[in-house]
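A short write-up of the structure that comes next.
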Amino acid sequence: MKFILRCRILLANSLSVTEDAGIVLENGSISVVGKYKEVKAGTVDARTVEFDGIICPALINAHTHLELSPFKSAGPRLSVATGGRTPYVDFVDWVLHLVAERFARRYEDLSLECAGAKCEAEKSGTSYFVNVGNDFGVNGKLGKNQLFQFEQIGINDAVAESVFQKAVSQIPGENGMAISLAIHAPYSTSPSLMKRIKKYNNERGTITSMHLAESEDEVEFVMSGKGRMVDLLNARLGAGSWSFNGTGVSPVEYVESLGVLDEKTLCVHCVFVGEKDLEILRKRKCGVVVCVRSNRNLTDSVPDISELIKHNIKILLGTDSRASSPDLDMFAEMSAFYEEFHRVLDPSDVFRMATTGASEFIGVDDSYGEIGPGKRPPVVYVPFAGEVGDAIEFLVTDAKGKTEAVNY
């Protein structure tokens, strides 16, 4: 059966606003979009469903770890005083605690809770996920509306080839879910392994995610080979079982020297970067995923968005996991992002980052990111009684907790 969704305000993308609009849903896709009277006149055998408010595209979560969804309170939270600001955690202590919690959970419980968290995120208005994880058993059951980035860790260069070959051998055959490999971080993945992963993904035309410049501990370790990351690696691998020589350069400069930065590299966080780093990211046309709530929680720092904009770097939004962020609600993440950076960004800029900007960079704009013929539902309904000109600002600032995914 065909349905016409009639809404008072349609925001098809960050630049297109239509009053009294109609959207035809048919056989799992959007077939017609336009003024309601015209859509109704040209559509037969369709039931009209009325929505007194805004309908907009569902958002894209450009970085999350769905398999970490059960660990809402992982980490020794509030362990660092900030003198007035909300206390945050110690990054290395948080990682160690999270790893211990992760391996203590039964697979059956983990799988069920992850599916529930993803369903909750979808209901609140997320259509697509760039999902980084280590467990095909869990993530393979979470649906096809994701790019599953199979994350690789291995600091010892001597075993890079064996780690890579094992990873490739674990990738299942055609199952409808997009899959690629991911680099965990420059402090945990060896040069040869990073290069192999990037070559593998590029040959298949898919993006490569990598945590980059997320903490000051990471910066110190990459530059000097010293600091808290030594404690982390010793705890995870055993003292004397690994080696890393300080590079004398920043994490961004280091991975640039390995040739793994390009227009299909998604650099996640980039909180602690300098002018030279920004110029590299600009030159290589990398995307940067900003996860402001996670960054505030783990380091009490966020990227300098004005500098990213000045260098014309593509910005996407992600929630990170529920182990470091309150939830997987992208409307809440978008609102937090705008609250941090409203002095340098317009609401339409932020909305674009979470919709068409993300879909184009990830390569799923044929199906996701805006409302139009051939695009996939769901769409998002938000009750709204205000003026048309205020609709996009409302979505970015006040829609969180009020959104409802619609898919007939």
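Of everything in segment 22-38, what is crowded, with 21+ Cβ neighbours inside 10 Å and either among the acidic types (D, E) or over 17 Å from Y408 (Cα atoms) (or both)? Give them in sequence order. Scanning segment 22-38 gives a single hit, Y36. Can you tell me which residue is surrounded by the fewest Cβ atoms within 10 Å (Cβ to Cβ) among those in segment 170-186 that are within 21 Å of E67 (Cβ to Cβ), of a type outside the set (S, T, N, Q) and in contact with a Phe, Trp or Tyr (Cβ under 9 Å, 6 or more places away or on another chain)? Checked segment 170-186; the qualifying residue surrounded by the fewest Cβ atoms within 10 Å (Cβ to Cβ) is P172. Contact annotation: residue pairs with Cβ atoms under 7 Å, 6 or more positions apart or on different chains, pairing a residue in segment 312-341 that is more than 14 Å from L59 (Cα to Cα) and assigned by TED's automatic domain parsing to the domain that holds R284 with a partner that is hydroxyl-bearing (S, T, Y) and in a strand (DSSP E or B), are D320/T64; S321/T64. Taken over segment 117-138, the criterion of being β-branched (V, I, T) and at pLDDT 95 or above is satisfied by T126, V130, V132.
Take V302 and tell me if it is more than 20 Å from G133 (Cα to Cα) and in contact (Cβ under 8 Å) with a residue 24 or more places away in the chain.
yes
Right, E67: in the same structural domain as H269 (by TED's automatic domain parsing) and either buried (at least 23 other Cβ atoms within 10 Å of the Cβ) or assigned to a strand (DSSP E or B) (or both) or not?
Values: in the same structural domain as H269 (by TED's automatic domain parsing): yes; either buried (at least 23 other Cβ atoms within 10 Å of the Cβ) or assigned to a strand (DSSP E or B) (or both): yes.
Criteria met by E67.
Please indicate, with yes or no, whether at least one residue in segment 152-169 is under 27 Å from A354 (Cα atoms) and surrounded by 22 or more Cβ atoms within 10 Å (Cβ to Cβ). Yes. When residues of segment 343-374 are filtered for being hydroxyl-bearing (S, T, Y), more than 14 Å from the chain's Cα centre (by Cα) and in a loop (DSSP other than H, G, I, E, B), how many remain? Within segment 343-374, residues that are hydroxyl-bearing (S, T, Y), more than 14 Å from the chain's Cα centre (by Cα) and in a loop (DSSP other than H, G, I, E, B) number 2. Can you name the residue in segment 72-116 that is under 24 Å from L142 (Cβ atoms) and part of a loop (DSSP other than H, G, I, E, B) and, of all such residues, is modelled with the lowest pLDDT? Filtering first and then ranking leaves G75. Taking every residue in segment 104-122 that is polar (S, T, N, Q) and pairing it with any residue that is crowded, with 18+ Cβ neighbours inside 10 Å, at least 6 positions away or on another chain, the pairs with Cβ-Cβ distances below 8 Å are S111/V138. Scanning segment 170-189 for residues that are assigned to a loop (DSSP other than H, G, I, E, B) and closer than 15 Å to H63 by Cα yields a count of 2. For segment 188-215, a residue qualifies if it is touching a His at 6+ places or on another chain (Cβ under 9 Å), touching a residue at least 60 places away in the same chain (Cβ under 8 Å) and farther than 17 Å from N134 by Cβ, and the qualifying residues are A213, E214, S215. Pairs linking a residue in segment 217-231 that is within 13 Å of D93 (Cα to Cα) to a residue that is among the small types (G, A, S), with Cβ atoms under 9 Å and 6 or more positions apart or on different chains, are D217/G227; R228/S215; M229/S188; M229/S215; V230/A239. Can you confirm whether S192 is assigned to a helix (DSSP H, G or I), surrounded by fewer than 23 Cβ atoms within 10 Å (Cβ to Cβ) and among the hydroxyl-bearing types (S, T, Y)? Criteria met by S192.
The values are calculated or read from the model by the stated rules, or taken from the named source; none is laboratory data. Just so we're clear, the structure is a prediction, and the values are computed from it rather than from any experiment. Heads up, the Cβs are rebuilt from the backbone with ideal geometry, glycines too, and the neighbour counts pull from every protein chain shown.
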